[in-house]
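Throughout, read-outs are computed from the coordinates displayed, never taken from laboratory work. All of these numbers come straight from a predicted model, not from anything done at the bench. Glycine gets a Cβ as well: all are built from the backbone with ideal geometry, and neighbour counts include every protein chain shown.
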Amino acid sequence: MKTLSKYEQNLQSDDPFIRNMYEDLEKRIQVYEDSENDKTEHAQWKDAAGVILVMSLITIFLVATVI
């Protein structure tokens, strides 16, 4: 016989209040996970352009002082 976790037991509870509370929680978790996937932003070249420019200037300056 498979043992159920406390969460799964509460989802299958005979008490309607407990069952509804956990079903509502399950729905809220699903909505949150679905909306979180849509908001993912990836780094763009324009985000790194300033850092690349500054590092290039520092590198050029250091190379020029060594030569």
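Odds and ends about this structure:
- Positive-end residue of 62, 45, 35, charge dipole of the chain with Cβ unit charges: 62
- Just checking the listed ones, 29, 18, 52: in the Gaussian network model of the chain with Cα springs under 10 Å, the one fluctuating most is 52.
- Gaussian network model of the chain, springs between alpha carbon atoms under 10 Å - residue of 30, 12, 44 with greatest fluctuation: 44
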